[in-house]
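Input: a single structure, listed below in structure tokens.
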Amino acid sequence: MPTGDGLLARVHPPLGILTLDQARAVAEGARRFGNGHLDLTARANLQIRGVTEATRAPLAAWLAAQGLGDVRADGGPQRLTLTSPLAGHDPDETVDVPTLAAAIETAGLAIPGLPAKTLVVVEGRPGRAVPEADLSVVAEGPGRVAIAVAHGETPRTLLTCAEDAAPGHVAALLGVFARTGRRRMRDLSDGEMAALTGALCSGRPAPSAGSAKARGGFAPGREPARPAGARDLRSVAIDAPFGRCTADALERVAARATAIGADEIRLSATRGFVLLVPATASDAAAAATAALAAEFIVVPDDPRRAIAACTGAPGCASGSTPTLADAARLAAAFGPLAASGRAAHVSGCAKGCARPGPADLTLVGRDGLYGVLVGGAPGDEPAMDLPIEAVLERLGRAEIDGLSAAFAPEITPSACGRTRRPA
Ligand code: SF4
């Protein structure tokens, strides 16, 4: 798709996992056919930036040769599922997530008309469904899952079943969904939702995705047969600040992975990478983390984790403000609020690519200034427009006065800011 810095090519690593050779190839492809910059997406995919009309076909061929080409040509989702980066190695998983996700991917490929953004989250730990997913397949206990559909604020559980029956049920639901012509399941009308549940109540057996035994999975009621040594692994988790990194940085991650004995790089929905290494390599893993700290987020309380930011200017033609640089400045002042669970969003324009919904503090680029919204979304009308310096100045008062008071329009804006409308 076109962006301010050229075409953007999305790469969908199968099940969110790159071999080290694939990671190096993506880095090389980003340098040769793009501008050397990468995005890490919230769906654990990668985007190569700065592709041109002349380089798009060679890049596609390059990626396909690495096993990273598109898997369907009908406009449907290139990758349907989202799983934990620890999938298959998490001691708390009670179902075989990689096998289940792979079976759902296979089932999805056979469904024509599936919208490109359809998302099925597969969660191996017993827990809750994910509101952002069209369907959630969540472990309920050993060998059993619950399937829930997006529905308003709270997903609606449709059924529980044995894990090896889940791909068939998911396929039936996706088939009905595709025929509605809707883009997301959360948009289904009551009648369409009834048709969806009817697909499960029709009495017809759900299409089989293969027996658990044939797929190397495990039968309901048994403890999962995790890979040998699964409990003896240590994970190295690093996130890319604001979801951006360079091809060179990805290559350095691959080099560190090799050095510490990791054989793959897993992508995470936190816009980062996870390396799994033997627990015996604990010291080497710590050293690798330290070595990557200059380019990546390596600690859980880094305030950049609380801030979403899009490409903005100059990378995106729709942006008038340098969102990534300004988000970094904002992070330094946002630490106390981040520590109390607040979130911010620096958006280059009202489209809100990085976070379409509301945040505690949303800044929207407008003619070189930022429209400020406390608790609003990028598409809302801001109360005032301020330069980033004035935003930072007011943010300094927020810890004491609160965000709403600090950004109240009746406060006299600094000389270069302008108030759009009174409180
Ligand atoms: S929100 Fe606007 S400026 Fe930011 S990436 Fe999307 S279109 Fe570009």
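Hey, does region 302-315 have a residue that's polar (S, T, N, Q), in a loop (DSSP other than H, G, I, E, B) and touching a residue at least 40 places away in the same chain (Cβ under 8 Å)? Yes, region 302-315 contains a residue that is polar (S, T, N, Q), in a loop (DSSP other than H, G, I, E, B) and touching a residue at least 40 places away in the same chain (Cβ under 8 Å). Here is a list: L20, L15, L7, L46. Which entry is surrounded by fewer than 19 Cβ atoms within 10 Å (Cβ to Cβ), among the aliphatic types (A, V, I, L, M) and more than 16 Å from the ligand (Cβ to nearest atom)? When all the criteria are applied, what remains is L20. Any residue in region 330-340 that is on the phi < 0 side of the Ramachandran plot, within 16 Å of the ligand (Cβ to nearest atom) and either at pLDDT 95 or above or charged (D, E, K, R) (or both)? Yes, region 330-340 has at least one match.
Residues in region 264-283 that are β-branched (V, I, T), surrounded by fewer than 23 Cβ atoms within 10 Å (Cβ to Cβ) and not in a helix (DSSP H, G or I): T270, V277.
Screening L38, L7, L18 for residues that are more than 20 Å from A257 (Cβ to Cβ) and either part of a loop (DSSP other than H, G, I, E, B) or of a type outside the set (K, R) (or both) leaves exactly one candidate, L7. For first residues located in region 123-142 and modelled with pLDDT of 90 or more, partners that are buried (at least 23 other Cβ atoms within 10 Å of the Cβ) and aromatic (F, W, Y) and lie 6+ apart or on another chain with Cβ distances below 9 Å form the pairs D134/F177; L135/F177. Using the structure shown, decide if A171 is in contact (Cβ under 8 Å) with a residue 60 or more places away in the chain and not in a loop (DSSP other than H, G, I, E, B). Criteria met by A171. In region 108-122, the residues that are free of Cβ contacts under 8 Å to residues at least 60 places away in the same chain form Cβ pairs under 6 Å with partners that are part of a strand (DSSP E or B), at six or more places apart or across chains, as follows: V120/T81; V120/L135; V121/L82; V121/S136; V122/T81; V122/T83; V122/V137.
Which members of region 343-370 meet the condition of being within 19 Å of the chain's Cα centre (by Cα) and away from the ligand (no atom under 14 Å from the Cβ)? Of everything in region 343-370, those that are within 19 Å of the chain's Cα centre (by Cα) and away from the ligand (no atom under 14 Å from the Cβ) turn out to be A343, A344, P358.
The residues of region 284-301 that are surrounded by 13 or more Cβ atoms within 10 Å (Cβ to Cβ) and either among the acidic types (D, E) or assigned to a helix (DSSP H, G or I) (or both), listed by number, are A284, A285, A286, A287, A288, T289, A291, L292, E295.
For region 368-386, a tally of residues being surrounded by fewer than 22 Cβ atoms within 10 Å (Cβ to Cβ) and among the hydrophobic types (A, V, I, L, M, F, W, C) returns 3.
Of the residues A317, A287, the single one that is within 16 Å of the ligand (Cβ to nearest atom) and aliphatic (A, V, I, L, M) is A317.
The values are calculated or read from the model by the stated rules, or taken from the named source; none is laboratory data. Note that the coordinates shown come from a computational prediction; the quantities given were computed from them, not determined experimentally. For neighbour counting, all protein chains shown are included, and Cβ atoms are generated from backbone atoms with ideal geometry for every residue, glycine included.
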